[in-house]
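Asker: After the structure tokens below, expect a handful of questions from me.
The numbers here are math on the coordinates, done by the rules we state, and not lab data. Since we're looking at a predicted model, the values are computed, not measured. So basically every Cβ, Gly included, is an ideal-geometry build from the backbone, and we count neighbours across all protein chains shown.
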Amino acid sequence: SLYANPHREGRIQTQAMISDGTQLRINGRCGSSGTIRVEIRDAEGVILEPCSKTNCDPFTGNSVGHTVTWNGNPDIPEKTWRKITFFLQEAEIFSFQFTASKSQGTWANVIHALGAPDASSQSRTDLA
């Protein structure tokens, strides 16, 4: 897992990847005042609107399948190269997946690189 303490925001960015999925689910856990926000950019680093950090609805809970939204909208541009940046404050992220909709999706092997598939892992990488 990747962990950021409450004193400073942690940030991690993926390599560019492509997927047919149009929504993003995360497996994460936040502390009492913690948040996870997500920004999605294309391979050249241009934000894929509306998927900016500013527009991201902060995740503040503990879930193995939270669908990320930006101003209430879960949709991200289709079939384009994407770099995902996670912004964590007193939070931990274990994995993520692109899905076709809230009711579909499988964990993608190429993007299962963040660690444990559930929130019970005790292993941490401090980002701050």
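Asker: Distance in nm between label sites at Gln13 and Asp57, each 7 Å beyond Cα in the beta-carbon direction?
Answerer: 2.7 nm
Asker: Which of rounded, prolate, oblate describes region 36-93, given a ≥ b ≥ c as roots of the alpha-carbon gyration tensor eigenvalues and a/c under 1.5 marking rounded, otherwise prolate only if a/b is larger than b/c?
Answerer: Verdict is prolate for region 36-93.
Asker: Still on this structure, I have one more. Nearest 0.05, what FRET efficiency do Ser32 and Asp75 give at R0 = 25 Å with Cβ-Cβ as r?
Answerer: Result of the calculation: an efficiency of 0.25.
Asker: Indicate the gyration tensor shape class of region 1-103 (rounded, prolate or oblate), computed on the Cα atoms with a ≥ b ≥ c the square roots of the eigenvalues: a/c under 1.5 is rounded; otherwise a/b larger than b/c is prolate and the rest oblate.
Answerer: Prolate, since a/c reaches 1.5 and a/b exceeds b/c.
Asker: How far apart, in nm, are two points set 7 Å out from the Cα along the Cα-to-Cβ line at Val64 and at Asp42?
Answerer: Each label point is offset 7 Å from its Cα along the Cβ direction, giving 3.7 nm.
Asker: With θ set to phi - 60° and the Karplus curve 6.51 cos²θ - 1.76 cosθ + 1.60, what are the ³J(HN,Hα) couplings of region 71-76 in order, to the nearest whole Hz, using x for Gly and Pro?
Answerer: Per residue, the Karplus-derived 3J(HN,Hα) values read 6, x, 9, x, 7, 10 Hz.
Asker: Roughly speaking, what is the stretch gain from Glu49 to Thr22, that is 0.36 nm per residue apart minus the C-alpha to C-alpha distance, in nm to one decimal?
Answerer: Taking Glu49 through Thr22 to full extension adds about 8.4 nm, to one decimal.
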